[in-house]
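The next block holds one structure in the form of structure tokens; read it before the comments.
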Amino acid sequence: MKSREWSYLKKHPALWRILLGILVVPLVYAATFLASVWNPYGELHNLPMAVVNQDRSTQTLAWGRQVTHELTRSKSLQFHEMGAARAQRELRSGKLFLVLKIPANTSRRLSRLATDPQQLRVTYQTNAGQSAIAAKMGNSAMTKLQATLNQAAVQGELQAIQRQTAQAGKRVTATAGQVTQVTRALAAGLPASQVVAANTAIANGLAQGGQQLRATQSAQQLKNLAAPIKLVQHDVAPVPNNGTGMAPYFMTISLFVGCITLNIIYDAGKRHGNYRRFVNAWLDKMGFLWGFVMLAASGMWLGTYYINGLRPLEPVKTYLLSLLIILAFFSLVTCFRLWLGLTGAWLMLIFMLFQIGCSGGTYPIQLTNPLYRAVHPYLPMTIAMNGLHHTISLGGSISGVVGILVGMIVVFSLGTLGFFYWHRRDAAVL
């Protein structure tokens, strides 16, 4: 039986382009998204971190300097040594994903483990508001690093003990020399008062040397201590749950999907009336569609707030930013849809799938491939996510994000206005 569908397709070759375009959508989505999450834990060396060494070395131990040197030379993690103020600033801005702070009294405390064995708490800071996944990955990395730091602490302590042992041995040797001198003095017939003074000096010397040797003998048991160092996490922008951390990513995707769906189903280029001026036709059409997409964004906001329980730091600003984002996305997608037809809508769909992989919404962009890292800062979804991160979790100014989104609205709205001017003589569709 001859297929009538194949016959129809032969008579309408333009449909082949549409079908072929749809055919590659699963491929593009799977390939681009998988490329962004292919091996993130194998790329941890690309995740920028900082170590702030505030330790003051003692005469016998410079633990902070030693650990800082080892961390900055490590090939498994990307640590940079920097000051506390700069590290804090870059952590909050998202340039760093973890800051390890070595306290000022670290070497002093570790050098006293023999006589006062207390666990030392070393703090590391993360920023879950910027990337909840990165904070979890940093926590996993610090759990593994803690064993290394404990080993460094024990080694540094044992080296100090060896030096103390050598000094104690010298003191006992000196005391033995005093004994020899007193013995010779007695043989020479010195006065009794001098002999008493010499005996007192010998007793004091032996007592001090014995105390040091006993302390040394006790300190050598410190190698059996499992954890002289304890790493403690502190989040500069905590999030109450994983959904709050991922909200900017999924909200941005949903707004872009809504704009594409609307442009595929609803033809913004068709006029349903006669207008004396093309500007009036544009205002009538765009005014209706702008209101529609803003209503869609409002529905998304109400759903995430009342159904999911999202509680941003700045709820009003988050809502207003969502409206601005969907207007920018709609202007972009509609401009391509008007000028290129369904091909333009298909291109925007492919562009959205590409952005899903390149925006760093799942794992930090530093853990993906070089191409994604290069284009990441310039993508509309990246810019929108950055603004939502600030209003939901981080706080701070979003003036730069607002400026870019307004610029997108202006530029691509002029593009849609140009389409209405170019087709100003087209007949209305009733």
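Hey, can you grab everything whose amide H is under 5 Å from the amide H of Asp235? Only 5+ residues off in sequence or another chain; H modelled, so Pro and N-termini drop out.
Amide H neighbours of Asp235, under 5 Å, 5+ apart: Thr126.
Post the alpha-carbon centroid distance, region 378-430 to region 1-64, in whole angstrom.
25 Å
I'd like the accessible area for Tyr41, computed on protein heavy atoms only with a 1.4 Å probe and all protein chains in place. Round to 10 Å², please.
Probe radius 1.4 Å; accessible area of Tyr41 about 130 Å².
List the pairs from Lys10/Lys270; Lys75/Lys230; Lys136/Lys230 whose alpha-carbon separation is above 26 Å, in the order I gave them. Don't jump to the answer; show the numbers that get you there.
Numbers: Lys10/Lys270 28 Å; Lys75/Lys230 23 Å; Lys136/Lys230 18 Å.
Too far apart for the 26 Å limit: Lys10/Lys270.
Gain in length, Ala374 to Ser7, computed as 0.36 nm per residue apart minus the alpha-carbon separation, to one decimal in nm?
Value of the extension gain: 127.5 nm.
Rounded to whole Hz and in sequence order, give me ³J(HN,Hα) for region 337-346 from the Karplus expression 6.51 cos²θ - 1.76 cosθ + 1.60, θ = phi - 60°, writing x for Gly and Pro.
Coupling constants for region 337-346: 5, 5, 7, 10, x, 5, 4, x, 5, 5 Hz.
Which residues' amide hydrogens lie under 5 Å from the amide hydrogen of Glu81, considering only partners 5 or more residues apart or on another chain, with H built in the peptide plane?
Excluding prolines and chain starts, which carry no amide H, the hits are Val51.
Please report how far the C-alpha centroid of region 237-273 lies from that of region 78-141, rounded to the nearest whole angstrom.
Between the Cα centres of region 237-273 and region 78-141 lies a distance of 37 Å.
If amide H atoms are built 1.01 Å from N in the plane of the peptide, which residues on other chains or at least 5 residues away come under 5 Å of the amide H of Thr123?
Lys101, Val232
Give a residue-ordered list of calculated ³J(HN,Hα) values for region 296-301 (Karplus: 6.51 cos²θ - 1.76 cosθ + 1.60, θ = phi - 60°; whole Hz; x for Gly, Pro).
Karplus values, whole Hz, x for Gly and Pro: 5, 5, 5, x, 4, 4.
The values are calculated or read from the model by the stated rules, or taken from the named source; none is laboratory data. Worth saying up front: this structure is predicted, and the values here are computed from it rather than measured. Quick note on the areas: whole protein, heavy atoms, side chains included, nothing else; ligands and nucleic acids left out. Shrake-Rupley method; radii C 1.70, N 1.55, O 1.52, S 1.80 Å.
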